[in-house]
Structures are given as structure tokens and as C-alpha cells.
Amino acid sequence: KKKFAVKEYTDAEYAAELKRIEDAFTPLVIECIRLKRALRIGTNHGSLSDRIMNRYGDTPLGMVESALEFARICRKHDFHNFKFSMKSSNPKVMIECYRLLVARLEQEGPDWTYPIHLGVTEAGEGEDGRIKSAIGIGSLLCDGLGDTIRVSLTEDSPREIEVCNDLLAQIPLLTVGRGVLTAPWRRAEDRPPCQNSFPFDPFRYERRQTPEIELADGVKCGGEQTVRVVVTRATWEKVAPKIRPKDDVKPEAIYEDLEVAELDPTQDFEINCDTQLVTVKDGLSLPPIAAFRLLAARLKRLGRSNPILLKDCLNLGIEVASPLTPSLSPSDGERVAKPGEGNVWSLEPKIALLRASVVIGSLLADGIGDAILVRGEPGAGQSLRLAYNILQAAGCRSFKTDYVACPSCGRTLFNLQTVTARIKERTQHLKGVKIAVMGCIVNGPGEMADADFGYVGGAPGKINLYVGKTAVKFNIPEAEAVDRLVDLVREHGKWVEPEEKAMAAV
């Protein structure tokens with residue numbers, strides 16, 4: 001049982017713990033063999049054993065090594081009908097875990113090619129849940145990883161399947177021309193020559209180092225600055241009249257006013273200084289993720305550290321015109337973009353959300369990007385909100401409350417959708433606070449990982465409240481639990497009184 005104990009395990013003690021696990025786990029393996037059943041070996045970020053925690057920490061490496069211990073027991077009994085799952089509600093952690101897992105499987109040998117299940121656990125609901133899932137799952141699918149997926153939403157289950165299908169349909173469109181800066185998990189000696197100067201560490205997040213520059217009047221980007229939000233002039237003209245200075249969601253620069261160098265990373269180029277903002281030029285046939293990785297790699301090879309402006313699409317009108325993407329033909333009345341215009345066709349909002357989240361979120365998770373521009377979303381206010389939501393989901397900015405909420409299952413002890421909505425209604429203005437809503441105590445305390453506060457079903461009609469990973473209030477009647485959660489937030493100095501959000505009208 002996990003006790004969060006700090007202990008230095010000797011090799012003998014560690015081996016004894018492994019033997020204890022093997023004795024407990026082997027009967028299940030034998031039963032799977034007898035019944036010809038499959039097994040999923042999954043580790044949860046935040047639920048690692050004290051033994052793993054004390055040797056590896058609460059890290060992606062600890063998650064991977066924990067899973068491999070169980071896999072070795074399966075193999076010892078010649079049982080190979082299993083797959084791996086690395087569960088985290090943090091897309092960056094999830095991406096690192098799966099890449100590291102695949103690298104470790106390759107190190108173990110050619111007969112360790114077991115399937116992998118992808119998912120961002122407890123992603124929540126609505127736009128936020130879809131964005132988190134698209135960043136984590138979509139990024140790895142674009143890397144060529146994953147055999148099964150689940151989008152874990154606090155919604156009716158059929159909606160998960162719809163999002164899965166929509167996401168899977170976009171991956172081929174985002175990976176055409178693969179082989180250019182893909183497969184980042186592979187060892188350097190196994191990569192093609194062009195990939196050996198990879199522009200980021202695929203196994204550990206570190207933001208790409210850039211100088212600080214002036215993006216617009218009073219707005220800096222690069223260096224230690226937060227990732228900035230850029231909009232087109234058309235978007236600016238629609239949303240600017242409705243923005244108040246104190247609003248968190250607002251444009252920070254106009255794309256057409258920027259002195260940005262638009263570069264073709266497939267060709268040689270020269271940059272004379274590090275303080276020039278750069279981006280990938282529109283109209284390239286290279287998929288955007290590969291294009292921006294290649295741009296970062298070429299800058300690294302030139303010894304340059306210019307800030308990079310990320311785009312969710314490289315002139316989508318041209319991408320759609322390609323015979324490789326016939327399913328995205330524009331509807332009647334939409335104008336076809338011409339090369340060099342910088343205009344794009346509008347996508348269906350749910351598709352625009354997934355594409356932008358995969359492209360921009362993947363690059364941000366790799367530490368690439370100092371400003372972002374979302375153009376595929378048709379609505380001005382929606383595109384601005386989407387940009388900020390992607391930054392929050394990728395862990396780059398915090399402008400609102402973050403929620404970790406599980407989907408329903410047979411163990412759920414209350415109506416998750418109703419309760420989550422009530423909690424959001426009371427707490428959605430708490431900028432920088434993360435709240436977990438968990439249906440039961442089986443996986444809840446571990447899967448909510450780095451949440452500030454937790455609302456967890458403890459028994460039918462009873463709720464336990466957490467601060468971090470520590471349960472502090474027990475068996476609270478469900479009718480009182482949301483009020484008590486608010487009281488708990490107050491007690492810990494995280495509460496502020498709500499005010500109306502002007503962006504609701506955008």
C-alpha cells in the first residue's frame with residue numbers, strides 16, 4: 001500500500017519487494033493464460049509505489065520502470081498478450097512517458113514490441129477536455145506511436161467515440177511527408193543524419209532558449225516571457241472593441257504588424273541576428289509540426305536562438321487544395337485562399353479545435369514556440385479563446401481554473417457531469433487553481449496528481465475533500481460538499497470573489 005514514505009531501499013530490499021509483487025501478480029497472469037484473456041499494464045502519474053518513488057521519483061521514468069517490472073513477470077510465464085498504458089492528466093507528462101516507454105522497449109530488445117494504449121486520463125469535459133486529449137494523443141499519433149486510444153471525457157460515453165474518430169481522421173493530414181524530424185523517441189544512432197541535431201529533448205520538457213524581444217507596444221516575447229497570443233487583423237477588428245484592459249483573454253499582437261521573417265525550413269536561409277521573430281512561411285507542403293521542428297533544428301545548426309511564432313496551419317487553403325486532403329474541401333460560399341495571401345479556409349469548429357491543439361500543443365510540449373497564431377477556427381472570439389485554452393492545456397499559461405475530472409464508470413459514487421458543472425459554476429473564476437473531481441477513491445487520489453484541491457467520492461452520498469494528495473475532510477454529505485469545497489479553498493488563501501467576464505459576449 002502506498003504510504004508516501006521516504007525510505008532508501010537497499011538492493012536486497014528492492015529485490016524482496018519485486019518478489020512480493022511477483023507472488024501477488026502471477027496468479028492473475030496464469031488465469032489470463034488459461035482463459036486466453038488480454039491484460040493492460042498501466043501506471044498512473046501520482047499513484048506510483050513508495051519503492052518506485054524513492055528510487056526514480058514521481059517521474060516519467062518511474063512510471064515506465066514500474067510498468068516494465070510487471071511486463072517482465074508476464075514474460076517470465078511466456079505470456080505476451082498485454083499492452084501498455086501510461087496514465088496522466090498532464091499532456092506533457094503523458095507525451096514524455098510514452099516516448100520514454102518506446103525507447104526503453106527498443107532497448108529491451110526486438111521482441112518487446114508490445115502494443116500501446118494512448119489516453120490523457122481525467123481530461124475533463126467540453127473544449128478543455130478535447131484540447132488536452134488532442135495535445136497528448138494527437139502528438140504521439142503524429143510521432144507514429146499508439147495502437148489504441150481513448151478520449152476520456154466527463155460526458156456521455158458516445159461523445160468520446162466521436163472525438164476519437166474525428167481526431168484519428170486528422171492525423172494523416174498532419175503527417176503527410178513523414179520522415180522529416182519524426183520519431184523523436186529513437187536513439188540518435190538510429191535516426192537519419194538530418195535528425196541527429198534534434199532541436200529538443202523528447203524525454204524531458206525544457207523550453208527552447210531564446211532572447212527576449214519586443215513583440216508589440218508594451219508586449220515582449222521570448223526569454224522568460226510567457227507564450228504570447230497573436231491574431232490576424234480581421235480577428236483584432238472584431239474582438240478589440242469588446243476587450244477590457246483587465247481581461248485575461250485578449251489579443252497581444254496583430255500578425256500583419258509584426259516584423260516576422262517567414263522562412264522555408266526545407267531550404268537554406270540566413271538570419272543575421274537572434275532578435276528577429278521567425279515563423280514558417282505559408283504554402284509549404286510540409287506538415288506544420290515537422291515544418292516547425294525543422295525550422296528549430298536549422299536555427300540550432302546556424303547557432304541562432306530566434307523566437308518562433310507557431311501557426312496552427314500553413315495556409316490551409318493550399319493544404320486543402322492538395323489531392324491528399326480531399327475531405328476538407330470548402331463549402332459553398334467560402335473563398336479559396338491564394339498563395340501568399342495568408343488567408344485560410346474555415347474548418348468546422350470541432351475539427352479546427354483538434355487540428356490546432358495537435359499542431360500547436362505538440363510543439364509547445366516539445367518546448368518550441370514563443371508566440372502562437374490560430375487561423376483555422378472561423379469565429380474571431382472562438383479563435384482567440386482557443387489559443388488561450390491551448391496554452392493552458394499545454395501548461396504554458398494559466399488564465400482560468402484548471403479541472404481534472406474523470407469519466408463515469410461502475411465505481412462512480414455520484415453524477416459526475418452534474419457535480420462537475422456545479423463545481424465549475426462556483427469556482428471557474430479562480431485563475432491558477434487546479435481542482436480535481438473524482439468519482440471514487442480507487443484511482444482518484446492518484447490520478448488527480450498535481451491538483452490543488454480534490455472532490456472525491458468516498459461512499460454512496462458521501463464526499464472526501466483533498467488538499468493536494470492529502471484527504472482533509474471525510475464523509476461530507478453530497479448536498480453540502482460543494483460549499484465545503486469552497487470553504488476549503490478560502491481556508492488556503494486561494495479564493496477570490498468572482499466578477500463578470502466581458503469575453504462571454506465575444
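Just so it is clear, none of the values below were taken in a lab; they were calculated from the coordinates. The structure presented is a predicted model; accordingly, all values stated were derived computationally and were not measured. No Cβ is skipped: glycine too gets one built from the backbone with ideal geometry, and neighbour counts run over all protein chains shown.
Calculate the length of the line joining the C-alpha centroid of region 360-420 to that of region 84-99, in whole Å.
Taking the Cα centre of each part, region 360-420 and region 84-99 sit 16 Å apart.
Give the residue list of chymotrypsin sites (Phe, Trp or Tyr not before Pro) in region 244-308 that are DSSP loop and have at most 16 other beta-carbon atoms within 10 angstrom.
Sites meeting the loop and neighbour criteria: Phe269.
Would you work out if region 1-104 is rounded, prolate or oblate? Take a ≥ b ≥ c from the square roots of the eigenvalues of the alpha-carbon gyration tensor; rounded if a/c is under 1.5, else prolate when a/b is larger than b/c, oblate otherwise.
Oblate.
Using a ≥ b ≥ c from the Cα gyration tensor of region 19-61 (square roots of the eigenvalues), is it rounded, prolate or oblate, where a/c under 1.5 gives rounded and otherwise the larger of a/b and b/c decides, a/b for prolate?
Because a/c hits 1.5 or more and a/b fails to exceed b/c, region 19-61 counts as oblate.
Between Glu108 and Thr470, what is the FRET efficiency for a Förster distance of 35 Å, r being their Cβ-Cβ separation, to the nearest 0.05?
0.45
For Ile30, what is the net charge nearby, where nearby means another residue's Cβ is under 15 Å from its Cβ and Lys, Arg count +1, Asp, Glu -1?
Surrounding charge for Ile30 is +1.
For a quick check of your reading of the filter: which trypsin sites (Lys or Arg not before Pro) in region 222-294 sit in a DSSP loop and have no more than 16 other Cβ atoms within 10 Å?
Those that pass, being in a loop and sparsely packed, are Lys246.
Take the Cβ-Cβ distance between Asp78 and Asn415 as r, set R0 to 41 Å, and report the resulting FRET efficiency rounded to the nearest 0.05.
For Asp78 and Asn415, the calculated efficiency is 0.35.
Give the order of Glu491, Glu69, Glu497, Glu155 when sorted by the count of other beta carbons within 10 angstrom, beginning with the fewest.
Sorted ascending by nearby Cβ count, the order is Glu497, Glu491, Glu69, Glu155.
I'd like to know how region 229-301 sits against the 2.2 N^0.38 Å rule of thumb: what's its Cα Rg over that expected value?
1.37
5 Å is the cut-off here: which amide hydrogens, built 1.01 Å from N in the peptide plane, fall below it relative to Leu263, excluding neighbours closer than 5 in sequence?
Residues meeting the amide H criterion: Thr279, Val280, Lys281.
So what is the relative contact order for region 11-174, in percent, with contacts set as C-alpha pairs under 8 Å and at least six apart?
18
Name the residue farthest towards the positive end of the dipole of region 402-503 from the options Pro460, Leu416, Gln428, assuming +1 on Cβ of Lys and Arg, -1 on Cβ of Asp and Glu, about the Cα centre.
After comparing all options, I get Pro460.
Sorted from fewest to most neighbouring beta carbons within 10 Å, what does the list Val280, Val151 look like?
Going from least to most buried by this count: Val280, Val151.
Quick check on region 11-174: take the gyration tensor over C-alpha atoms, sort the square-rooted eigenvalues as a ≥ b ≥ c, and tell me if it's rounded (a/c under 1.5), prolate or oblate.
Prolate, since a/c reaches 1.5 and a/b exceeds b/c.
For a footprinting-style exposure proxy, rank Phe200, Phe25 by other Cβ within 10 Å, fewest first.
Listed from fewest to most nearby Cβ atoms, that is Phe25, Phe200.
Report the calculated FRET efficiency for Thr148 and Lys462 (r = Cβ-Cβ distance, R0 = 45 Å), to the nearest 0.05.
0.80
Pairs Lys83/Lys311; Lys311/Lys400; Lys246/Lys311; Lys19/Lys132: which are spaced more than 31 Å apart, C-alpha to C-alpha?
Lys83/Lys311; Lys19/Lys132
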